[in-house]
Amino acid sequence: MGKNTDKLYVTHSEWSSGDAYSASVGANAGERAKRGGASFRRLPFNFCAASLQPFKNPVCTPDGTIFDVEVIGSWLEKHATNPVDGQPLAAKDLIKLNFARNADAEANRNAGPTDGKGDLIDPVTFKVFTDNTHIVAIRHGSYANVFAWETVERMNIKAKMWRDLVDDEEFTRKDIITLQDPQNAASRDLNQFKYLQDGGEAMTTKEQEAERLAGNVNIDALGRIGDKVLRAKEAVERARREREAGGDVNRSNKALVKTAASNAPRQPMIQQKKLAHNAASYTTGKAAASFTSTGLTPETSGERALLSDEEWMLKPRRVKVKGYARLETNLGNINIELQTETAPRAVWNFIKLSQKGYYKGVAFHRNIKNFMIQGGDPTGTGKGGTSIWGKNFADEFEGPLTHDARGMVSMANKGKNTNSSQFFITYRPVKHLDRKHTIFGKVVGGLDVLAKMEAVETDGSDRPLNKIFIKDVVVFLDPFEEFLKEKGQHDREEEKKAEIQRRGGTDDDKTTWTGKRIRDDGTVAEDKAASSVGKYLQASLAAPQDDAVEEEAMDTWEEPSRKKAKTGGFGNFDSW
């Protein structure tokens with residue numbers, strides 16, 4: 001049974017010898033174990049093969065080995081060979097790699113080792129490269145664009161479209177260089193690198209060498225462990241700064257006296273983020289979009305979308321300042337009060353068009369006695385005119401205004417939400433137009449001019465025989481500018497109050513309602529007289545008194561007469 005023995009069993013030394021054999025491992029298991037005893041170590045795809053650190057300016061050889069240009073440049077100056085396989089290599093053989101990134105910083109800091117400049121992605125599908133991605137580069141002379149193999153296979157090879165998907169340069173199948181093949185992990189095995197087999201060490205740049213000499217940890221090369229180390233270092237630094245600022249003599253070896261910074265009131269550690277004044281009621285949608293799409297940078301916070309000043313002000317009941325404008329016509333002037341609170345968009349449209357000079361020389365094309373007069377169409381046909389936004393805008397029916405009087409100014413339209421630049425002025429109450437036309441003003445001056453306009457004769461199509469036109473529209477008071485001025489002044493006052501609060505407040509803020517003063521460190525100054533029981537009694541005893549008055553008071557004091565007990569009844573039976 002044994003090897004060259006008559007034993008009925010195989011010993012451990014015989015089993016582990018070089019010529020050992022078993023059904024599971026085959027012959028020469030011991031020898032193969034010696035040859036393959038080194039554990040497999042894989043180089044990450046975004047690491048330089050010479051420095052074993054994340055590359056910053058990547059270049060590759062024609063066979064797909066990636067280096068950092070600074071590291072391989074210094075190596076070639078001395079050796080002129082490829083440090084990985086030992087084959088001859090020159091600087092002119094190096095190919096610059098153009099990687100695409102999805103952001104200025106990593107979207108997921110726990111995803112693995114990175115260089116801190118964003119995740120490397122496929123420029124077409126925006127999929128993030130990992131150690132399991134088949135990565136190729138398409139060479140164009142001295143540079144190459146990097147893609148995922150599935151992108152090139154699907155959109156170039158199968159489609160027979162031999163043009164680069166980034167810069168539209170022609171290429172052939174020979175120009176495709178494999179940088180990482182998950183099915184061929186041995187090509188990135190560190191144990192097969194010649195310079196490491198020869199006993200060499202990883203080559204570093206001057207910057208990396210300076211970090212090593214300074215004792216700093218290369219966080220980028222450690223991946224998730226590096227993030228933990230970085231957070232631990234930051235926590236230690238933060239604790240040290242807080243300890244020194246707090247003046248704790250038991251734990252700080254630098255300051256034995258509280259510094260001036262410790263006297264300032266401490267801010268709470270968790271502060272609620274104040275919403276911007278123009279924050280919308282909805283979010284930006286980035287969190288939902290990144291959750292359902294792998295091509296977007298992941299977002300975990302539902303931040304509110306920000307409105308422009310125009311969008312923010314054009315909300316009903318936000319701007320309550322009324323505007324005033326003068327409509328100058330060839331028959332006279334009409335003063336209009338603009339109702340900003342209930343129709344902000346219509347008022348904004350009218351004011352901006354007026355300031356733009358849109359209504360200059362525009363005629364009133366429709367005049368119906370005992371009904372209304374309509375204008376605002378530069379074409380004069382009643383079918384033209386555009387708003388300040390270049391498109392129709394929605395109706396605004398919120399508010400108490402109705403067509404209940406003469407001189408109401410409303411928007412003309414062709415149906416629901418078709419307001420543009422045309423408007424009309426009523427000659428009488430027209431209640432049937434309520435909630436059909438947006439009321440944005442009323443006439444407050446020049447009703448006699450309105451009467452002249454009503455008296456102008458018209459033809460069969462209600463067009464004035466004598467032309468009535470607008471010379472100009474003068475805006476006396478722009479309600480939106482006034483609103484912004486008031487808001488700016490209010491914000492400055494609030495900023496001043498906040499600055500005073502950050503500095504500790506005013507003298508009134510440092511005094512409680514009982515009159516006690518609050519020190520700078522937040523404690524209350526104790527008053528000895530106020531803190532003791534019977535303070536008024538002690539004060540009266542401490543005050544000097546006149547002996548003569550005291551003596552006189554003692555001489556004139558008389559004992560009050562006692563009340564005589566009531567008699568009657570049985571008494572206490574003393575006579576028995």
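Checked against the criterion of being of a type in the set (Lys, Arg), under 28 Å from GLU341 (Cβ atoms) and exposed (fewer than 15 other Cβ atoms within 10 Å of the Cβ), region 437-460 contains not a single residue that satisfies it.
Pairing each residue of region 374-397 that is in contact (Cβ under 8 Å) with a residue 40 or more places away in the chain with any residue that is part of a loop (DSSP other than H, G, I, E, B) and of a type in the set (Ser, Thr, Tyr), provided the two are 6+ apart or on different chains, yields C-beta distances under 6 Å for GLY376/SER421; PHE393/SER387; ASP395/THR438; GLU396/THR438. Give region 335-356 a look and list any residue that's open to solvent by less than 10 Å² (accessible area, probe 1.4 Å) and aromatic (Phe, Trp, Tyr), or say none. Answer for region 335-356, where residues must be open to solvent by less than 10 Å² (accessible area, probe 1.4 Å) and aromatic (Phe, Trp, Tyr): just PHE350.
Looking only at region 143-161, residues that are over 18 Å from LEU120 (Cα atoms) and either charged (D, E, K, R) or in contact with a strand residue (DSSP E or B) (Cβ under 6 Å, 6 or more places away or on another chain) (or both) come to 4 in all. LYS96 satisfies every condition listed in (1) modelled with pLDDT under 90; (2) over 16 Å from ALA202 (Cβ atoms); (3) open to solvent by 70 Å² or more (accessible area, probe 1.4 Å) except (1).
Which residues, counting only those in region 352-392, are part of a loop (DSSP other than H, G, I, E, B), within 39 Å of the chain's Cα centre (by Cα) and among the hydrophobic types (A, V, I, L, M, F, W, C)? If the condition is that a residue be part of a loop (DSSP other than H, G, I, E, B), within 39 Å of the chain's Cα centre (by Cα) and among the hydrophobic types (A, V, I, L, M, F, W, C), then ILE388, TRP389 are the ones that fit.
Determine whether ASP395 is in a loop (DSSP other than H, G, I, E, B), out of contact with any strand residue (DSSP E or B) (no Cβ under 8 Å at 6 or more places or on another chain) and not aliphatic (A, V, I, L, M). The answer is no for ASP395. A search for C-beta distances below 7 Å between a residue of region 442-465 that is in contact (Cβ under 8 Å) with a residue 12 or more places away in the chain and any residue that is of a type in the set (Gly, Ala, Ser) and outside any loop (DSSP other than H, G, I, E, B), counting only pairs 6+ apart in sequence or on different chains, returns GLY446/GLY332; VAL449/GLY332; LYS452/GLY332. Restricting attention to region 112-128, the residues that are surrounded by 14 or more Cβ atoms within 10 Å (Cβ to Cβ), under 28 Å from LEU196 (Cα atoms) and at pLDDT below 90 add up to 4. Got at least one residue in region 34-55 being over 24 Å from GLU207 (Cβ atoms), in a helix (DSSP H, G or I) and modelled with pLDDT under 90? The answer is yes, given that some residue of region 34-55 is over 24 Å from GLU207 (Cβ atoms), in a helix (DSSP H, G or I) and modelled with pLDDT under 90.
Okay, residues lined up against (1) at pLDDT below 95; (2) surrounded by fewer than 14 Cβ atoms within 10 Å (Cβ to Cβ); (3) touching a Lys or Arg at 6+ places or on another chain (Cβ under 6 Å); (4) among the polar types (S, T, N, Q):
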residue	(1), (2), (3), (4)
THR381	yes, yes, no, yes
PHE397	yes, no, yes, no
PRO400	yes, yes, no, no
ASN413	yes, no, no, yes
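The values are calculated or read from the model by the stated rules, or taken from the named source; none is laboratory data. Keep in mind that what you see is a predicted model, and the values were worked out from it rather than measured. Glycine gets a Cβ as well: all are built from the backbone with ideal geometry, and neighbour counts include every protein chain shown. These accessible areas exclude ligands, DNA and RNA; they are computed on the full protein's heavy atoms, side chains included. Shrake-Rupley method; radii C 1.70, N 1.55, O 1.52, S 1.80 Å.
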